[in-house]
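For reference, the structure discussed in these notes is given below.
The values are calculated or read from the model by the stated rules, or taken from the named source; none is laboratory data. It should be emphasised that the depicted structure is a prediction, and the values quoted were computed from it without experimental measurement. As a convention, Cβ positions derive from the backbone with ideal geometry for all residues, glycine included, and neighbour counts pool all protein chains shown.
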Amino acid sequence: MRLSGLFAVILAVTVNVAAARVQANDWDLCKDEKVTAEVSIAACTRAIDSKKFRPRDVSTLYYNRAISYRQQGDNDHALFDYNEALRIDPKYEKAYNNRGTLFKDRGDVERAIADYSQAIRLKPDYAYALVNRADVYDDKGDLDRALADLDQAIRADPSYARSYNIRGLIWQKKGNRDRAIADFGNAIRLNPNYHYAYLNRGVVWHDSEDYDRAIADFSEVIRLNPKSDVGYMRRSEAWLKKGDNLSALRDADAAVALDANDPANYINRGAVMRALNRNNDAILDYRKAISLKPDGERKRQAEQALLDIGVQP
């Protein structure tokens, strides 16, 4: 009897240790960025359902599961989890920031701003939330508020490259190319693999008619991200301005091959075809661009090009 009783105690201890190990493993898997979203969601769910964690930790579990749902494109479940995380812990600034980004992606900019603002109230030096709110202000055309947020973000975290990149875009829109180039340069200095900053600086060089520097930056974009159709399209435009029509055509073809659904790629290649006196090919490209239902400006550009060639859109 004593032996059987001892065996029962040992078994119970072993089971408890095993359960604790599983619980710890689920906590780690729930936040492990190296596992798939599916594995993470399953671990988070087991941990939440175990009811073994403190409320603040449960809030974190919901937060991490929301991130994994977002990776799967399941925004409804992600929103539910962010809401739960904030219900349990109303001072969870990261959950407000992430929920704000979800609202932004859904086009609900006012709710996005409200969430970013709450995150900033909870943590005034929260650079990520400041930059995200600035990005929404930029989308709304409120450039001064965007600049104010970006300046504050850079003061809070001078090492965050995205702050400089977005501020560079604001300066570009305000017509201050020198400050835009300086900010894009700072973004690249902080993150030499930041291909968006190279792309944006290349556009400023192009607009400044410094085509060699533009080509150099667009070439970096392509080196860092060989699937960037925009990098090829922009470099094609720069080659065309330099009068190197064959290089422009090679890049224009590459852009179309990478994204055959972007009207801008066909409009650009149409311009190259015209420079090569291949008007029939240009007509095909401009009409293809129009068939893809571009925005108003792109559509007018393609239609005017067709009229300049002497045909109706």
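Residue selection: LYS31 satisfies the criterion of being within 27 Å of the chain's Cα centre (by Cα), modelled with pLDDT under 95 and surrounded by 14 or more Cβ atoms within 10 Å (Cβ to Cβ).
Taking each residue of the range 291-313 that is within 16 Å of ALA260 (Cα to Cα) and looking for partners that are surrounded by 12 or more Cβ atoms within 10 Å (Cβ to Cβ) and among the polar types (S, T, N, Q) with beta-carbon atoms closer than 9 Å, six or more apart or interchain, yields PRO294/GLN301. When the criteria are applied in full, ASP217 meets the requirement of being at pLDDT 95 or above, within 30 Å of MET273 (Cβ to Cβ) and of a type in the set (D, E, K, R). Kindly indicate whether any position in the range 138-158 is buried (at least 18 other Cβ atoms within 10 Å of the Cβ) and under 27 Å from PRO55 (Cα atoms). There is no residue in the range 138-158 that is buried (at least 18 other Cβ atoms within 10 Å of the Cβ) and under 27 Å from PRO55 (Cα atoms). The residue that is nearest to ASP207 (Cα to Cα), counting only those in the range 156-172 that are aromatic (Phe, Trp, Tyr) and part of a helix (DSSP H, G or I), is TRP171.
Among the residues of the range 190-212, just one is in a loop (DSSP other than H, G, I, E, B) and surrounded by 18 or more Cβ atoms within 10 Å (Cβ to Cβ), namely TYR194. Scanning the range 255-302 for residues that are assigned to a loop (DSSP other than H, G, I, E, B) and more than 21 Å from LYS242 (Cβ to Cβ) yields ASP259, ALA260, ASN261, ASP262, LEU292, LYS293, PRO294, ASP295. Filtered by the rule that a residue be under 13 Å from LEU258 (Cβ atoms) and either among the basic types (Lys, Arg) or surrounded by fewer than 16 Cβ atoms within 10 Å (Cβ to Cβ) (or both), the range 213-241 gives PRO226, LYS227, ARG234, ARG235. For the range 111-146, the tally of residues that are charged (D, E, K, R) and within 19 Å of PHE80 (Cα to Cα) stands at 2. Just one residue in the set ASP105, ASP74, ASP89 is closer than 27 Å to THR36 by Cβ, acidic (Asp, Glu), surrounded by fewer than 20 Cβ atoms within 10 Å (Cβ to Cβ) and free of Cβ contacts under 8 Å to residues at least 12 places away in the same chain; that residue is ASP74. Of all the criteria given as (1) touching a Lys or Arg at 6+ places or on another chain (Cβ under 6 Å); (2) at positive phi, the one not satisfied by TYR211 is (2).
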